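Chemist: The structure follows.
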Amino acid sequence: MKLRRWTAVAAVAVATAAMLNTVPATAGRPYDPTAQSLGTLGQRHGLHIGTAVDMDALADPADPRYRELAASEFSSVTAENVMKWESLEPTRGSYDWAPADAFIDFARRNDQRVRGHVLVWHNQLPGWLTSGVADGSISREELRELLRKHITTVVSRYRGRIWQWDVVNEAVSDPWDTPSTLHYKGFWAQHLGPGYIADAFRWARAADPKALLFYNDYNIEAFGSGDPANDKTQFVYDMAKRLLAEGVPIDGVGSQGHLGTQYGNFDTFQVAAALKRFSALGLATAFTEVDVRSRLTEGVLAGDSEEINPRLQASASNFSVLLKACLADRHCLSYTVWGFSDRHSWVPDWFDDPPEGLATLYDEQYRPKRAYQEVKADLIFAGPPYVLPRATHRPRR
Ligand code: G3I
């Protein structure tokens, strides 16, 4: 009798844990949250944990672990490159949809949400477009029409398959740019004026009434302490507020979250305060491209653990700062890393002088790093009263 009672109690405990944690406990084995994927643990809070996906690595038969983890560890995915204009329309009027279709299909088969990246950006534009503008064979009016056509064509093709779209990316300058006064930068502002931003959101909305439409940028993790006129986060905040006041269907702001351990960065309260100000405008937020790189000093490259350990711990701490702030704000809907393994990270190619790296959750052999453990711990231990289920965000008309 006694044994039966305890078995019953144990069974209830397991069931309760499973119900509480929306994760089936394996009969007889105590529920072990550390055995769950980041995506599954994020669901405890309704928060989607995502990754950028490199389609070349995904298709590489010699790299099966990449595909396994991309499919199993994350509940949301973003195409690292194949949904960018240069990939989709390499030749004017002829589209190469295959890599993007394969990406969308991968997400569907793994029941993952998709963050569409990216409709309007000054980088990775097709050569025929930039050279046509440069040599004057593409007029301003034609350029605007080409942009409308691109957004309409891409968004219509994937209507109903995209949860969040990065409609406009990195449209705002940085204090170190010239002129240093913050302004709208890049190809589109230069050739169409800043009005292209509102146009892009309206065209995207017309093509997909359901996708959440985001403005996405880097270095907007927190408001600055100095002159607001020099504060990029303030500029993006004011821009979003103005777009909302003009009835532009912007639903959210994405903070990329590309950090470096050599910089001061932010504490969780500073990041949480920034998210709160954006959500107070009625906007959703998301961390869209999180990675935390470190300088690859000679000591690091020589394998000196006294050089490596502090960097791995600092990287983990910064991943956690952004995640804790996101967990604490019900309007922060997703937390996406920009690649999950140091084996496939844009950082070493981009930051090569001085060299930087060690930026992701897994090392080159797909061994989870301190950063992975801290992200997992944050998802497991977070809960009421400070971490609540996500708020519902509906697309603006
Ligand atoms: O596809 C060509 C390939 O044909 C060629 O052989 C190879 C060798 O040069 O280059 C390949 O193109 C590369 C492309 O990634 C695809 O792998 C480009 O050179 C390379 O510059 C490009 O880098 C991407 C970068 O955006 C371009 O700006 C990175 O993978 C990607 O992670 C990065 O992502 C951006 C986000 O979209 C926006 N926010 C910042 C983030 C990091 O820069």
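The values are calculated or read from the model by the stated rules, or taken from the named source; none is laboratory data. What you are looking at is a predicted structure, and each value in this text was computed from that prediction instead of being measured. Here the Cβ is made from the backbone with ideal geometry for all residues, glycine too, and neighbour counts use every protein chain on show. We work out accessible area using only protein heavy atoms, side chains counted, and drop any ligands, DNA or RNA first. Shrake-Rupley method; radii C 1.70, N 1.55, O 1.52, S 1.80 Å.
Chemist: Through the Karplus equation 6.51 cos²θ - 1.76 cosθ + 1.60, θ set to phi - 60°, convert the phi angles of region 227-240 into ³J(HN,Hα) values in whole Hz; use x for Gly and Pro.
Modeler: 5, x, 5, 9, 9, 4, 4, 5, 4, 5, 4, 5, 5, 4
Chemist: Right, something else. Going Cα to Cα from LYS232, which lysines come in below 26 Å? Please leave out same-chain ones fewer than 8 positions away.
Modeler: Reachable lysines: LYS84, LYS185, LYS241, LYS276, LYS324.
Chemist: Turning to a different aspect of this structure: Probe of 1.4 angstrom, ligands and nucleic acids ignored: what's the accessible area per residue over region 65-174, in square angstrom?
Modeler: 38 Å²
Chemist: Based on the alpha-carbon gyration tensor of the chain and its eigenvalue square roots a ≥ b ≥ c, which shape applies: rounded if a/c is under 1.5, prolate if not and a/b is larger than b/c, or oblate?
Modeler: The shape class here is prolate.
Chemist: Rounded to the nearest 500, what is the chain's calculated 222 nm mean residue ellipticity when only DSSP H runs of at least 4 contribute -39500 (n - 2.57) each, over all residues?
Modeler: -12500 deg cm²/dmol
Chemist: What percentage of the solvent-accessible surface of the chain, computed with a 1.4 Å probe over protein heavy atoms, is contributed by carbon and sulfur atoms?
Modeler: The nonpolar share, carbon plus sulfur, comes to 54 percent.
Chemist: Suppose all protein chains stay in the model; what accessible area per residue would a 1.4 Å probe give for region 268-392, in Å²?
Modeler: Per residue, region 268-392 has 44 Å² of solvent-accessible surface.
Chemist: Given a cut-off of under 8 Å on Cα pairs at least six residues apart, what relative contact order in percent is computed for the chain? Let's see the in-between values first.
Modeler: On the way: 715 pairs, mean separation 62.0, N = 397.
Relative CO of the chain lands at 16 percent.
Chemist: If you don't mind, there's one more thing I want to ask. Please compute the length gained on full extension between ARG367 and ARG92, using 0.36 nm multiplied by the number of residues separating them and subtracting their Cα-Cα distance. All intermediate terms of the calculation are to be shown ahead of the outcome.
Modeler: Working: separation 275, 0.36 × 275 = 99.00 nm, distance 4.28 nm.
Difference between extended and current length: 94.7 nm.
Chemist: Could I ask something else about it? Could you order peptides 93-100, 228-235 by the average number of other Cβ atoms within 10 Å of their residues, highest first? Spell out each step's value before the answer.
Modeler: Working: 93-100: 13.6, 228-235: 17.0.
Final packing ranking: 228-235, 93-100.
Chemist: Count the DSSP beta bridges whose two residues both fall in the chain, then state the antiparallel fraction as a percent rounded to the nearest 5.
Modeler: 15 percent
Chemist: Oh, and also: In whole angstrom, how far apart do the alpha carbon centroids of region 330-358 and region 90-114 sit?
Modeler: Answer, in whole Å: 22.
Chemist: For region 126-166, divide the Cα radius of gyration by the Kirkwood radius and give the resulting Rg/Rh value with two decimals.
Modeler: Dividing the radius of gyration by the Kirkwood radius yields 1.12.
Chemist: Next question, about the same structure. Amide H neighbours of VAL172 under 5 Å, at least 5 residues apart or on other chains, H built in the peptide plane: list them.
Modeler: Answer set, sorted by chain and number: LYS185.
Chemist: Give me the dipole magnitude in Debye, nearest 20, for the chain about the Cα centre, with unit charges on the beta carbon: positive for Lys and Arg, negative for Asp and Glu.
Modeler: Value, rounded to 20: 2420 debye.
Chemist: Among 358-368, 342-352, 79-89, how do they line up from the highest to the lowest mean number of other beta-carbon atoms within 10 Å?
Modeler: 79-89, 358-368, 342-352
Chemist: With N set to the residue count of region 237-343, report its C-alpha Rg divided by 2.2 N^0.38 Å to two decimal places.
Modeler: Numbers: Rg = 16.5 Å, N = 107, 2.2 N^0.38 = 13.0 Å.
It is 1.27.
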